[in-house]
Amino acid sequence: MSDVSGSKVANFYQGKSVFITGGTGFVGKTLIEKLLYSCSGIDKIYVLVRDKYGKQAAERLVRITGTPVFDRLKESRSEELKKITVISGDISQECLGLPDDVLKILEDEVSVVFHLAATVAFKLPLKDAMRININGTENIIELCHRMNKLEAFVHISTAFTNADRQEIDEVVYPMPMKLDSARLFAEMFSHDEDIITNFMGKKPNTYTFSKAFAEEQVMKQCEDLPVAIVRPSIVVSALKEPSPGWIDSWNGSTGLIVGISSGILKVAIGRGSNVTDLVPVDIVTNLVIVAATECRKSKQLKVYNCCTGTSNPITSDEAINIIRKVALKYSLNEFPWLFVMFTPRVFLYNLITFTLQIIPAYLIDLWCTFTGRKATQMKLQSKLKKVVDAVKFFLLNEWRFSDNNIRNLLQTMSPEDKETFNFDVKTINWETCFRDYLLGARKYLLKIHK
Ligand SMILES: NC(=O)c1ccc[n+]([C@@H]2O[C@H](COP(=O)([O-])OP(=O)(O)OC[C@H]3O[C@@H](n4cnc5c(N)ncnc54)[C@H](OP(=O)(O)O)[C@@H]3O)[C@@H](O)[C@H]2O)c1
């Protein structure tokens, strides 16, 4: 069903214009598509896009609307795409780098702001991560204050802003230092990894550190704005919309599960019995859309932990079992002996990697070179090492995210809205979710269509 006339959620968007940052990203694209597909009364969607790789913002957006995420919309109501207006700008610049006339349009017309733009790179120098994730958020807040019709500002954060705690409630936790001191420090030492790691204390990387400060700024600077924070855990392919398994990002766990299913990854740093918190992208975008309808000016800012670990947990070992079954059923494995071991010990990880991954990869590459074929296996191994490094923190640790605000929000929804804008993680069937994730990664990322 594309639209629901009796839908409280769709009605909220009737005649309203929204402003989205991060619309070229994985979550942002999915959000734009869903708004156009299920809230057909929406007036305009202004999307802030930066010029990049020598391509102008408008050209970039045209390319994006040509990707499969918009297929179902184009097949049913392609005219909806005309509601998108591209605005060329950059969140890290003052006033987003926008000219006065464009700012005036946003100030006069926009009722809902979705701020998704961020750098999600874990290892960006601290001062760059802070410039985009903190200054960028402050610039958006500043604009929100000038918007005459603002009814909702939804800031997208991450569940791991507080990865230094084990129990994470739906509240903004204060940072252990002042932002000014952090800025000064980052300016002075940004390229000295050891000093910065020490400085960040228990925050594992510059991404979560800067996103945690961004949350604090939202809390401090938005007291008189209708605001909410949505914190997804690790975002994976779509459960259902725009199509099951849709994905266009290698970030997060995707490289790992593709490596496991093909049989080239045999070992990872982590603990198999830990709950792994993954959340499908359409669950996130549906929550974001509904959360906006409930934004109220309040000193008690609403935070939503968009996570699965509490209401529908799955451990890494359970996930691997499903991935293994799917890979065998659909013959996704290029190598025999489909198994994966988790170990928290780096020495054991290195030993098993060398024996079961590097030696075979080296021998295969040698064989390929002798027989005139392209040697690819050692390159793949080096990519896999980076993936394992990036996700090890999330596989070694376990968190308990409370999701009471999400459960309460669900209670307020009609059965139809619950169906159209589903964000109930209890509806996730992990067997089909992982099947679609693997097949989706193969189709949309690896472009294998058989
Ligand atoms: N994916 C996940 O697993 C996950 C998990 C938790 C939270 N989140 C949060 O969800 C949001 C979206 O993440 P994602 O996965 O969609 O990331 P993504 O695919 O990397 O997209 C990031 C978006 O931010 C834009 N952006 C970055 N810097 C910008 C700047 N200076 N000015 C304007 N736009 C800028 C990017 O634009 P360009 O195309 O120009 O680079 C892109 O549209 C982020 O806030 C992230 O922290 C994501």
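The values are calculated or read from the model by the stated rules, or taken from the named source; none is laboratory data. Owing to the predicted nature of the structure, the values given are computational and were not obtained by experimental measurement. Virtual Cβ from ideal backbone geometry, glycine too; neighbours counted across all protein chains shown. Quick note on the areas: whole protein, heavy atoms, side chains included, nothing else; ligands and nucleic acids left out. Shrake-Rupley method; radii C 1.70, N 1.55, O 1.52, S 1.80 Å.
Step by step: first the residues of segment 235-251, then only those that are under 17 Å from GLY28 (Cβ atoms) and hydrophobic (A, V, I, L, M, F, W, C), then the one that is modelled with the lowest pLDDT. Which residue is that?
TRP250
Any residue that is open to solvent by 10 Å² or more (accessible area, probe 1.4 Å) and within 16 Å of the ligand (Cβ to nearest atom) - is there at least one of those in segment 147-156?
yes
Tell me, please, whether a residue that is in contact with a Leu (Cβ under 8 Å, 6 or more places away or on another chain) and not polar (S, T, N, Q) can be found in segment 357-368.
Taking every residue of segment 357-368 in turn, at least one turns out to be in contact with a Leu (Cβ under 8 Å, 6 or more places away or on another chain) and not polar (S, T, N, Q).
Of all residues being of a type in the set (Gly, Ala, Ser) and within 23 Å of the chain's Cα centre (by Cα) in segment 81-127, which is farthest from MET200 (Cα to Cα)? Just the residue, please.
The qualifying residue farthest from MET200 (Cα to Cα) is SER88.
Only one of LEU36, LEU48 is in a helix (DSSP H, G or I), out of contact with any Phe, Trp or Tyr (no Cβ under 6 Å at 6 or more places or on another chain) and open to solvent by less than 40 Å² (accessible area, probe 1.4 Å); which?
It is LEU36.
What is the residue count in segment 157-187 for residues that are open to solvent by less than 60 Å² (accessible area, probe 1.4 Å) and within 20 Å of SER298 (Cβ to Cβ)?
Within segment 157-187, residues that are open to solvent by less than 60 Å² (accessible area, probe 1.4 Å) and within 20 Å of SER298 (Cβ to Cβ) number 4.
Among (1) more than 16 Å from the ligand (Cβ to nearest atom); (2) open to solvent by 20 Å² or more (accessible area, probe 1.4 Å), which single condition is PRO204 missing?
So PRO204 meets the others, but not (1).
Listed residues VAL18, VAL9; which is more than 13 Å from the ligand (Cβ to nearest atom), within 21 Å of the chain's Cα centre (by Cα) and at pLDDT 95 or above?
VAL18 is the lone residue from the list that is more than 13 Å from the ligand (Cβ to nearest atom), within 21 Å of the chain's Cα centre (by Cα) and at pLDDT 95 or above.
How about segment 95-182: which helices (runs of 4 or more DSSP H) wholly inside it have at least 2 residues that are among the polar types (S, T, N, Q) and touching a helix residue (DSSP H, G or I) at 6+ places or on another chain (Cβ under 9 Å)?
Counting at least 2 such residues, we get 136-146.
Suppose we keep only residues that are within 15 Å of the ligand (Cβ to nearest atom) and more than 19 Å from ILE448 (Cα to Cα) within segment 252-268. Which one would you say is modelled with the lowest pLDDT?
Filtering segment 252-268 for residues that are within 15 Å of the ligand (Cβ to nearest atom) and more than 19 Å from ILE448 (Cα to Cα), the one modelled with the lowest pLDDT comes out as GLY252.
Does at least one position in segment 208-219 carry a residue that is modelled with pLDDT of 95 or more, open to solvent by 30 Å² or more (accessible area, probe 1.4 Å) and not in a strand (DSSP E or B)?
Yes.
Restricting attention to segment 220-253, which residues are open to solvent by 20 Å² or more (accessible area, probe 1.4 Å) and among the hydrophobic types (A, V, I, L, M, F, W, C)?
ILE234, VAL235, LEU239, TRP250 - these are the residues of segment 220-253 that are open to solvent by 20 Å² or more (accessible area, probe 1.4 Å) and among the hydrophobic types (A, V, I, L, M, F, W, C).
When you look at THR67, is it more than 30 Å from ILE195 (Cα to Cα), open to solvent by 20 Å² or more (accessible area, probe 1.4 Å) and within 13 Å of the ligand (Cβ to nearest atom), yes or no?
Here the answer is yes, as THR67 does meet what is asked.
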